[in-house]
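**Student:** My questions all concern the structure below.
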Amino acid sequence: MARFIGVEEIEALAVGAAVLGTGGGGDPYLGKIMAQEAIKEFGPVTLLDPSEVPADALVVPVAMMGAPTVFVEKIPNGDEALHSLRRLEDYLGKKAFAVMPMECGGLNSTIPFVVAARAGLPIVDADGMGRAFPELQMETFSVYGVSGTPMVITDERGNWTLLNTVDNAMMEYIARGVAVRMGGVGHIAEYPMTGDEMRRTSILQTVTLAIELGKAVLESSKKKVSPLIAMEEALIKSDYGKPIILFEAKITDVDRTTAEGFAKGTVNLEGINGSEGHEFRVDFQNENLIAYKGDQVLATVPDLITFIDLETFKPLTTETLRYGFRVACLAIPTPPIMRTEEALKVWGPKYFGYDLPFIPVEKLNEGMIVNGK
């Protein structure tokens, strides 16, 4: 059922989306401020259940794309994604009925609320990744047959371009090049689709899940207790699996570079709180991809791998990881729609260059599922 989303829910959404964002999706603080300011100026945003969208209504995902490390230094004006939406509507000759997130990520879960508030449109409670991924073709919309183009990409200076490509892999290739030449960040409206296509290809109710996860983290942070039990209660009501604590550790080194429109690198850690004597490593490309204990694989993409700060119990994005941080590394099994054979060809470990099969994290770590005790 439709409901209004105000400033308080955005506070929780930014935190919960950072949990589901697996380290990517951009700085949640920037997105939160932008969405809250837009709601203060234009009023609360209506969040629609996917079942409430008419079959032939136009739904458009909106987002930012580029390297999260650039987002921190290149703060947007706030209206770039709306400009992309309006130019896409002009090209299609049809007004959008609603917008939606393309992914669950700190910034990209809140940017659609900026657009929705400014445009006076509702937002759909769903997304196309169920987490964050670094490339535009890595969306369930693409895996299950929706064209990503026509799409529009706009920068903060007013430059924009409309893309029509032969497939979604070429859309990613060309759009990434455009974003690099825009300074590393672009603001997009993509995957225009009908209400029926949205319901068939999306991961449903993820905005609600992110808000519930965020409330769990914020409430636990006030009480200075671990949020994991409350997070598990939210997750088991969804299509995701039970969370697993892979390890607790101190960061000893972060090797990070920004290249070709991505933030790539490795986090090295030393175990603490029962994991002493063990070394851990997590590789990332915008988002966390693979977690290791020594040479042993603990979790792989597309399952979610998220760092939780043990001081604040809040999630950490890859651009904020620093030497000395004490963290819990949390894994969350992805929904079944993201584990199909066709989906794993798009975002499984082999796509990112790892000679590894995808093995569900709950099988790799049997017996380690958080059970509330």
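The values are calculated or read from the model by the stated rules, or taken from the named source; none is laboratory data. Quick caveat, the model's predicted, so the values are computed rather than measured. Cβ placement follows ideal geometry from the backbone for every residue including glycine, while neighbour counts extend to all protein chains displayed. Surface accessibility is based on the protein's heavy atoms, side chains included, excluding ligands, DNA and RNA. Shrake-Rupley method; radii C 1.70, N 1.55, O 1.52, S 1.80 Å.
**Student:** If you go through the range 24-35 one residue at a time, do you hit one that is within 17 Å of the chain's Cα centre (by Cα) and of a type in the set (Phe, Trp, Tyr)?
**Tutor:** yes
**Student:** Moving to a separate point now. Check Glu276 against each of (1) assigned to a loop (DSSP other than H, G, I, E, B); (2) touching a residue at least 24 places away in the same chain (Cβ under 8 Å) and name the one condition it does not meet.
**Tutor:** Unmet for Glu276, out of (1) assigned to a loop (DSSP other than H, G, I, E, B); (2) touching a residue at least 24 places away in the same chain (Cβ under 8 Å): (2).
**Student:** Further, regarding this structure: Could you grab me the full set of residues in the range 10-37 that are farther than 15 Å from Phe71 by Cα and surrounded by fewer than 24 Cβ atoms within 10 Å (Cβ to Cβ)?
**Tutor:** Glu11, Ala12, Gln36, Glu37
**Student:** So which of Glu270, Glu311 is without any contact (Cβ under 8 Å) to a residue 40 or more places away in the chain, in a loop (DSSP other than H, G, I, E, B), open to solvent by 20 Å² or more (accessible area, probe 1.4 Å) and of a type outside the set (Gly, Ala, Ser)?
**Tutor:** Glu311
**Student:** Among the residues of the range 233-247, which ones are buried (at least 20 other Cβ atoms within 10 Å of the Cβ) and over 17 Å from Ala17 (Cβ atoms)?
**Tutor:** Result: Gly241, Ile244, Leu246, Phe247.
**Student:** Out of everything in the range 203-228 that is open to solvent by 10 Å² or more (accessible area, probe 1.4 Å) and outside any helix (DSSP H, G or I), what residue ends up being nearest to Val143 (Cα to Cα)?
**Tutor:** Selected residue: Leu204.
**Student:** Kindly evaluate Val62 against the criterion of being crowded, with 24+ Cβ neighbours inside 10 Å, in contact (Cβ under 8 Å) with a residue 12 or more places away in the chain and in contact with a helix residue (DSSP H, G or I) (Cβ under 8 Å, 6 or more places away or on another chain).
**Tutor:** Yes, satisfied.
**Student:** A follow-up question, please. In the range 200-259, which residues are among the β-branched types (Val, Ile, Thr), modelled with pLDDT of 90 or more and more than 25 Å from Ser275 (Cα to Cα)?
**Tutor:** Selection gives Thr201, Ile203, Thr206, Val207, Thr208, Ile211.
**Student:** From the residues in the range 341-366 that are free of Cβ contacts under 8 Å to residues at least 40 places away in the same chain and assigned to a loop (DSSP other than H, G, I, E, B), which one is farthest from Met170 (Cα to Cα)?
**Tutor:** Only one residue tops the list, namely Glu366.
**Student:** Could you run through the range 151-162 and say how many residues are open to solvent by 20 Å² or more (accessible area, probe 1.4 Å) and either in a loop (DSSP other than H, G, I, E, B) or free of Cβ contacts under 8 Å to residues at least 40 places away in the same chain (or both)?
**Tutor:** The number of residues fulfilling the criteria is 5.
**Student:** Here's something else I'd like to know. Can you tell me which residue in the range 279-308 is most open to solvent (accessible area, probe 1.4 Å), limited to those that are part of a strand (DSSP E or B) and over 21 Å from Phe133 (Cβ atoms)?
**Tutor:** The selected residue is Glu279.
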